[in-house]
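Since the structure comes first, as structure tokens, the remarks are kept for the end.
Each reported figure results from applying straightforward, stated rules to the coordinates on display, with no laboratory input. These figures come from a predicted structure and were not determined experimentally. Note that we place each Cβ from the backbone using ideal geometry, even for glycine, and neighbour counts take in every protein chain shown.
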Amino acid sequence: ACTGIENIDEAITLLEQNNWDLVAAINGVIPQENGILQSEYGGETLHGPAYGPTSHSTAAASTPSSSSAFRHVVPSRQIVERQPRMLDFRVEYRDRNVDVVLEDSSTVGAIKHILENELQIPASKMLLKGWKTGDIDDSTVLKTLHLPKNNSLYVLTPDLPPPSSSHSGALQESLNQNFMLIVTHREVQREYNLNFSGSSTIQEVKRNVYDLTSIPVRHQLWEGWPPSATDDSMTLAVSGLTFPCHRLTVGRRSSPVQTREQSEEQCTDVHMVSDSDGDDFEDATEFGVDDGEMFGVASSALRKSPMMPENAENEGDALLQFTAEFSSRYGDCHPVYFIGSLEAAFQEAFYGKARDRKLLAIYLHHDESVLTNVFCSQMLCAESIVSYLSQNFITWAWDMTKEANRARFLTMCTRHFGSVVAQTIRTQKTDQFPLFLIIMGKRSSNEVLNVIQGNTTVDELMMRLMAAMEIFSAQQQEDIKDEDEREARENVKREQDEAYRISLEADRAKREAQEREMAEQFRLEQIRKEQEEEREAIRLSLEQSLPPEPKEESTESVSKLRIRTPSGEFFERRFLASNKLQVVFDFVASKGYPWEEYKLLGTFPRRDVTQLDPNKSLLEVKLYPQETLFLEAKE
């Protein structure tokens, strides 16, 4: 009865989305009367100034005083048309994830069409998998599948070859290369030799050239960029530049025909009209003077060309024209608009170091609004506002005048901020423009802090910018603290890993040294054993080769020798006097004292027996009938 929803499945889905809170579910589909909407991703409220009796005269004429900043008050008995149900899809393809948001009245083919633009893959080559039910084709309407709000799908491309690893390696190599850009300044005929790494972007090159030539990026007219360099956020490695040297030419873009004095004079006319009393406005309306005739006299003269081309393929080029046209209408004292896509603006504002992050301000322009010229000339071009925005914000702009551009922005808005914020902007009337969105990046989403409408003053605009900055500063301090703590933990972990690595290397070196020492000891022990075995074999051989010891009662001449070892022990043996001296040497060697290592010394007289001829007999060398000899190690 309250919402006009008759489909029981849809009603249950809405209750599930709001945790079965009936009031919250009804408020989610009925426009609110207090001008406050809940953000789909942050839980924060989006505030907008309500038009009241004290509002600006132009707003009072175009919008009822009781209307909200976001939606009109709907009479209690009026049946409210329901908003379409939005479905969120996270689609995985290889190493990429693409988020798609669509109404449930869309088809599966619409998802493929969006993926075709995002992944650069023909829709005919895609197999979209992950559905809970079968028999799905491109014409299937999502509503008929009874899907939950959040869904996960994946894409298969069996007809396409897998990505080449060599290509990624070549890309990484290109990112590490240095490019020499020879930039010629056309007006002064001067060349600059600039070195940039492959990871630098085209936008960085243009900003550096601005420092050298004093030509602002928006006024630079380039020649020599490759056809593939279509986006200023592209890196030099993938832009198609000639390596290692590439020539470019830069000049200043020709200024518009209309002079600055004419712009100031016409803006002054606009200011005078906007500052007129409400009575004058009512008189003009009473006599049939149209809003465009009263507030748009000056603006129509200024609008020599649209702020932004319709259906522009590249957002950077569209923003270049927007900036140039804005300067020609309102002068050079205006916010510095970020040149690039909305995603690039997010990257610049939110994804750097915590200390370097900024708020993102999105200015939504509309040429048909009666508030546009006053807001641009008095608010956006005020020096205080320009200075504060340049210091604390990344400012991005879009023109909502053309329907195609409006639809394109709403698609981007749904993707990045959710369907609630997109629906809020979609319901804004022309005379409620321009809008100024203040965006803060959070860990998992982007939050809309504030939506400022064109019916405001410089002081109020500054106050709301400062309020948003206070919220951001508090969040930034927390992020800085978290980032410092994370870096400290990572440093400690790196130090621990390094200490552990050094300890492992020391242990490994110690273990290897021990293994080498043990191996050397084993080798020496083997050599010693082999030598001992060899000596023992020689000793046994000599012992076996000795002639038998003669008996004491032998009839032959017997020589009795008594030999003292270095350790003080004695051993005796009888030899025939006719035995050669070599037999004595062999006997001593058989006892473990080879004559190569030991010498045999006589006592009286003291002589070295080992120096005598070993072939002489004991009788000849006078070792008969008995003799005491000493063994002594050779030096």
For region 452-532, shape from the Cα gyration tensor axes a ≥ b ≥ c, cut at a/c of 1.5 then a/b versus b/c, turns out prolate
What percent antiparallel are the DSSP beta bridges of region 174-252, to the nearest 5?
70 percent
Taking every other residue with Cβ under 11 Å from the Cβ of Ala312 and scoring Lys and Arg +1, Asp and Glu -1, one gets -3
Going 7 Å from the Cα of Glu487 in the Cα-to-Cβ direction, what parts of region 356-395 have a backbone nitrogen less than 18 Å from that spot?
356-358
Residues whose modelled amide H sits under 5 Å from the amide H of Val558, counting only those 5 or more places away in sequence or on another chain, are Ala577
Got a sec to turn the phi values of region 575-588 into Karplus ³J(HN,Hα) couplings, 6.51 cos²θ - 1.76 cosθ + 1.60 with θ = phi - 60°, whole Hz, x for Gly and Pro?
10, 5, 4, 8, 5, 6, 4, 4, 5, 5, 4, 5, 5, 4
Residue-ordered couplings for region 120-125, obtained by feeding phi - 60° into the Karplus form 6.51 cos²θ - 1.76 cosθ + 1.60 and rounding to whole Hz (Gly and Pro as x), are 6, 10, x, 4, 5, 8
Check which residues have an amide H placed less than 5 Å from Asn450's amide H, if you skip close sequence neighbours.
Ile438
Of all beta bridges DSSP finds with both residues in region 316-481, what is the antiparallel percent, to the nearest 5?
60 percent
Cβ-Cβ FRET estimate between Ile121 and Thr457, R0 fixed at 45 Å, reported to 0.05:
0.35
For region 303-360, place one equal point scatterer on every Cα, skip the solvent, and apply the Debye formula. What is log10 of I(q)/I(0) at q = 0.19 Å⁻¹?
-0.75
Other residues with Cβ under 11 Å from the Cβ of Tyr154 give, with Lys and Arg +1 and Asp and Glu -1, a net charge of +3
10 Å-binned pair-distance histogram of region 596-635 (Cα, whole percent)
28, 59, 13, 0
HN-Hα couplings for region 15-20 via Karplus (6.51, -1.76, 1.60; θ = phi - 60°), in whole Hz with x for Gly/Pro, come out as 5, 5, 5, 10, 6, 6
If each residue of separation counts as 0.36 nm, what is the full-extension length gain between Arg253 and Ser228 once their alpha-carbon separation is subtracted?
6.8 nm
Per the Cauchy relation, a quarter of the hull surface: what is the mean projected area of the convex hull of the alpha carbons in region 174-252, in nm²?
4.4 nm²
State the extension gain, in nm to one decimal, for the chain segment bounded by Asp135 and Phe570, taking 0.36 nm per residue of separation less the distance between their alpha-carbons.
145.5 nm
Take every DSSP beta bridge with both residues inside region 86-156 and express the antiparallel ones as a percent of the total, to the nearest 5.
70 percent
Nearby lysines by direct alpha-carbon distance to Lys112 (threshold 27 angstrom, same-chain neighbours under 8 apart not counted)
Lys125, Lys129, Lys132, Lys143, Lys149, Lys402
Environment charge of Ile339, counting only residues whose C-beta is closer than 14 Å and scoring Lys/Arg +1, Asp/Glu -1
-4
Could you tell me the calculated FRET efficiency between Glu525 and Leu504, based on Cβ-Cβ distance and R0 = 35 angstrom, to the nearest 0.05?
0.70
Under 5 Å from the placed amide H of Arg85, counting only residues 5+ away or on other chains, we find Asp104
Considering the zone a paramagnetic label at Ala474 would reach in this model (a point 7 Å from Cα along the Cα-to-Cβ line), which residues of region 420-448 have amide N under 18 Å from it?
438-443, 447-448
Excluding residues on the same chain fewer than 8 positions from Lys206, give the lysines whose Cα lies under 26 Å from its Cα.
Lys353, Lys358
Filtered hits (lysines, Cα-Cα < 28 Å from Lys560, offset >= 8 within chain) -> Lys551, Lys580, Lys591, Lys599, Lys616, Lys622, Lys634
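Report the percentage of all Cα-Cα pairs in region 558-633 whose separation exceeds 22 Å, rounded to a whole percent. Kindly include the intermediate steps, with their values, before the conclusion.
Details: 259 of 2850 pairs.
Here the long-distance tail beyond 22 Å is 9 percent of all Cα pairs in region 558-633.
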Given the Cα-Cα distance of Thr242 and Ser214 and 0.36 nm per residue of separation, how much length would full extension add, in nm?
7.5 nm
Using the basic label-point model (7 angstrom from Cα toward the beta carbon), what is the Ser557 to Lys353 distance in nanometres?
10.9 nm
How many nm is it between the label spots at Asp317 and Thr603, if each spot is 7 Å from the Cα in line with the beta carbon?
12.3 nm
Could you compute the FRET efficiency for Phe630 and Ser541, with r as their C-beta to C-beta distance and R0 at 25 Å, rounded to 0.05?
0.50
